[in-house]
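A.B. asks: Take this structure, written in structure tokens, and hold onto it; I'll ask about it next.
The values are calculated or read from the model by the stated rules, or taken from the named source; none is laboratory data. Since this is a predicted model, take the numbers as computed values, not measurements. Cβ sites come from the backbone with ideal geometry, for glycine too, and all protein chains shown count toward neighbours. In case anyone asks, the SASA skips ligands and DNA or RNA and just uses the protein heavy atoms, side chains included. Shrake-Rupley method; radii C 1.70, N 1.55, O 1.52, S 1.80 Å.
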Amino acid sequence: MFGAAAPARLFRLAGLGEARNHFDVARARGLSPFVGRESDLRTLEAALEQVKIGRGQVIGVVAEAGTGKSRLCFEFLQHCRAAGFQVYEARAVAHGRNIPFLPVIDLLRAYLGVDPADDAARIRERIEARLLGLDPAFEAALPLMFDFLGAPDPQRPAPAQPPAARRAQVISTVRQLIYRLGEQQPIMTMIEDLHWMDAASVEFIDQVIDARGSRSLLLLNFRPEFQAAWMSKPWYRQIPLTPLDEGSVGELLGELVGRDPSLRPLEAAIYAQTGGNPFFIEEVVRTLVETGHLEGPRGAHQLVTPVERLEVPSTVQAVLAARIDRLSRRDKRLLGLAAVIGKTFRGPLLAKIAELEPDELSSALASLQNAEFIVETAVWPEAEFTFRHPLTQEVALGSQLMDRRRRAHAAVADAIEADNPKRLDDHAALIATHWSEAGDARKAAAWWLRAARLTVSRFAAVEAVAQILRGIAETNRLPEDAERWQTEL
Ligand SMILES: Nc1ncnc2c1ncn2[C@@H]1O[C@H](COP(=O)(O)OP(=O)(O)O)[C@@H](O)[C@H]1O
Ligand SMILES: [Mg+2]
């Protein structure tokens, strides 16, 4: 009666979307269209076909930083998502080497639909609903899984068992979980940057990785230094990712800078200098734009300096350092603080330690995004940013004075402590890491001890000992007094 001749479909707004990661954002801004990689994508495609018929696969994409591992995985997973498959993601981070199970917990949260911001009761609710929804037989494993994800149930404590037995039970639950998830439809799991994994996670992955018989594709990426025993298994395949070839570099540059005749000699020079590493290429282009050698609108640049006269540092780290150096004091300082927090950082945490007026802070963040050092990865429920690349964070971290960096670590430790009064145990290893970096032996020792207690309860006795040893190492730097003896005891 309201004028529509045919039935119209109605949609209800269910919530705000979230940019999934930096490539979505990059794409939204029209950056670096994907080039090359046809044969690698074919390999991944073939693995997917195997998975669909129940032959689980594990694939490792291996290459040096900046070669395009994350991007290749992302492109493939986008394709899987479009085909309707569930994709679960987790990552190891540079500062997480001493934080047991960081990527494993990340992964379990993804599988179980747990949001780290949830309170303990909500976490238990979600775990229970998810597991029992898949298989009522998971009932017996619930208390242990609650414990493992930092939400023990006082009403239903996990049975007292030696750490090794508890750990074995969690591992077998996770294997079952992957199997059950795959029964509904093939599942895709990606874990990024395995070279940064802590020892407990490495061991965990070793034991759940055998994908035979499950409809699961486990996609891993790491730098060449990472090695594992399972790499010789028949269900494992490795994609050694090569730098982009000259043709692909030309294509990429065509998109990034344009196809003006003045650019022809530049192409060969950039290829020679970067060896086809796409991240290096992007940073060189940014440098040339910032220093005025490339003029005109993005994607339609002209080279206004003869190629022979261009001076670009010879490593991507040096290119990044020079770009950071050209920032204003305010922006440079903020970038350094952000790098101290980590590759990904929450807006409110940065605001807390930045000592900037709100409008100064947002203008600094805007200019760092403009310069493409960082990208905003979430706006809701709170702002979250991530460095475009781990190397950007690494160089930003290293390009500040030691003294300032120490103070920043102390401020971050304090802020994390203040922000998480109810979940201090969960953050203990992270806080300890920051106090160690801050050079505050007393606080570091106390927090390593606290972290070790949690680690024992999460079934990693060996890692707990490692944390205790770190704590003791810190106490060795303290004056010989009663407080030190107390801590050592
Ligand atoms: N095939 C490609 N085509 C276009 N850009 C690419 C390609 N591979 C990587 N890049 C870009 O290069 C940068 C580094 O890639 P990334 O996947 O983060 O490297 P890695 O994970 O190996 O360190 C990113 O900005 C990415 O978008
Ligand atoms: Mg990567």
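A.B. asks: What is the residue count in segment 273-297 for residues that are within 15 Å of ligand 1 (Cβ to nearest atom), part of a loop (DSSP other than H, G, I, E, B) and free of Cβ contacts under 8 Å to residues at least 60 places away in the same chain?
C.D. replies: Total meeting the criteria: 2.
A.B. asks: Moving on. Which of (1) closer than 27 Å to Trp435 by Cβ; (2) buried (at least 20 other Cβ atoms within 10 Å of the Cβ) is the odd one out, the single condition Arg166 does not satisfy?
C.D. replies: All conditions pass for Arg166, except number (1).
A.B. asks: Next question. Is it true that Asp198 is farther than 22 Å from Pro136 by Cβ and open to solvent by less than 10 Å² (accessible area, probe 1.4 Å)? Walk me through how you get there before you give the answer.
C.D. replies: On the way: farther than 22 Å from Pro136 by Cβ: yes; open to solvent by less than 10 Å² (accessible area, probe 1.4 Å): yes.
The answer is yes for Asp198.
A.B. asks: Next question, about the same structure. Name the single residue that is farthest from ligand 2 (Cβ to nearest atom) among those in segment 46-66 being β-branched (Val, Ile, Thr) and open to solvent by 10 Å² or more (accessible area, probe 1.4 Å). Reasoning before the result, please.
C.D. replies: Start the filter on segment 46-66 by keeping residues that are β-branched (Val, Ile, Thr), which leaves 51, 53, 58-59, 61-62.
Right, trim to open to solvent by 10 Å² or more (accessible area, probe 1.4 Å) and you get 53, 62.
Values: Ile53: 30, Val62: 11 Å.
Looking at residues that are β-branched (Val, Ile, Thr) and open to solvent by 10 Å² or more (accessible area, probe 1.4 Å), I get Ile53.
A.B. asks: Would you list the helices (runs of 4 or more DSSP H) that sit entirely within segment 94-205 and hold 2 or more residues that are under 27 Å from Gly68 (Cβ atoms)? Lay out the reasoning, then the answer.
C.D. replies: Values: elements: 102-112, 120-134, 142-148, 163-184.
Qualifying helices (runs of 4 or more DSSP H): 102-112.
A.B. asks: Kindly evaluate Ala452 against the criterion of being at pLDDT 90 or above and part of a helix (DSSP H, G or I). First the steps, then the outcome.
C.D. replies: On the way: at pLDDT 90 or above: no; part of a helix (DSSP H, G or I): yes.
In short, no.
A.B. asks: Give the number of residues within segment 224-246 that are open to solvent by less than 30 Å² (accessible area, probe 1.4 Å) and either within 16 Å of ligand 1 (Cβ to nearest atom) or aromatic (Phe, Trp, Tyr) (or both).
C.D. replies: 7
A.B. asks: Can you confirm whether Cys80 is open to solvent by less than 40 Å² (accessible area, probe 1.4 Å), within 16 Å of ligand 2 (Cβ to nearest atom) and under 19 Å from Ile187 (Cα atoms)?
C.D. replies: Judged against the criteria, Cys80 is not a match.
A.B. asks: Being more than 21 Å from Pro348 (Cα to Cα) and open to solvent by less than 10 Å² (accessible area, probe 1.4 Å) is the requirement here; does Ala415 meet it?
C.D. replies: Judged against the criteria, Ala415 is not a match.
A.B. asks: So Ala410 ticks every box in (1) farther than 24 Å from Ser32 by Cβ; (2) open to solvent by 30 Å² or more (accessible area, probe 1.4 Å); (3) in contact (Cβ under 8 Å) with a residue 24 or more places away in the chain; (4) assigned to a helix (DSSP H, G or I) but one. Which box is left unticked?
C.D. replies: (2)
A.B. asks: Of the residues that sit in segment 363-382 and are touching a helix residue (DSSP H, G or I) at 6+ places or on another chain (Cβ under 6 Å) and open to solvent by 30 Å² or more (accessible area, probe 1.4 Å), which one is farthest from Trp196 (Cα to Cα)?
C.D. replies: Checked segment 363-382; the qualifying residue farthest from Trp196 (Cα to Cα) is Ser367.
A.B. asks: Could I ask something else about it? Might you check whether a residue that is away from ligand 2 (no atom under 16 Å from the Cβ) and without any contact (Cβ under 8 Å) to a residue 60 or more places away in the chain occurs anywhere in segment 83-101?
C.D. replies: Looking through segment 83-101, at least one residue is away from ligand 2 (no atom under 16 Å from the Cβ) and without any contact (Cβ under 8 Å) to a residue 60 or more places away in the chain.
A.B. asks: So which residues in segment 169-195 are open to solvent by 10 Å² or more (accessible area, probe 1.4 Å), touching a helix residue (DSSP H, G or I) at 6+ places or on another chain (Cβ under 8 Å) and within 16 Å of ligand 1 (Cβ to nearest atom), if there are any at all?
C.D. replies: Glu192, Asp193
A.B. asks: Right, next: If Thr487 satisfies all but one of (1) open to solvent by less than 50 Å² (accessible area, probe 1.4 Å); (2) of a type outside the set (D, E, K, R); (3) under 30 Å from Val170 (Cβ atoms), what's the number of the condition it fails?
C.D. replies: (3)
A.B. asks: I need a count of the residues in segment 327-362 that are open to solvent by less than 50 Å² (accessible area, probe 1.4 Å), closer than 18 Å to Glu376 by Cβ and part of a helix (DSSP H, G or I).
C.D. replies: Residues that pass the stated criteria total 13.
A.B. asks: Among the residues of segment 105-121, is any touching a Phe, Trp or Tyr at 6+ places or on another chain (Cβ under 8 Å), open to solvent by less than 40 Å² (accessible area, probe 1.4 Å) and within 16 Å of ligand 2 (Cβ to nearest atom)?
C.D. replies: No, that holds for no residue.
A.B. asks: Going residue by residue through segment 178-187, is there one that turns out to be of a type in the set (Asp, Glu) and over 25 Å from Val465 (Cβ atoms)?
C.D. replies: yes
A.B. asks: Can you tell me which of Ala26, Ala19 is part of a helix (DSSP H, G or I), at pLDDT below 85, outside the structural domain of Gly182 (by TED's automatic domain parsing) and under 18 Å from Val375 (Cβ atoms)?
C.D. replies: Just one listed residue meets the conditions, Ala26.
A.B. asks: Looking only at segment 201-223, count how many residues are aliphatic (A, V, I, L, M) and open to solvent by 30 Å² or more (accessible area, probe 1.4 Å).
C.D. replies: 1
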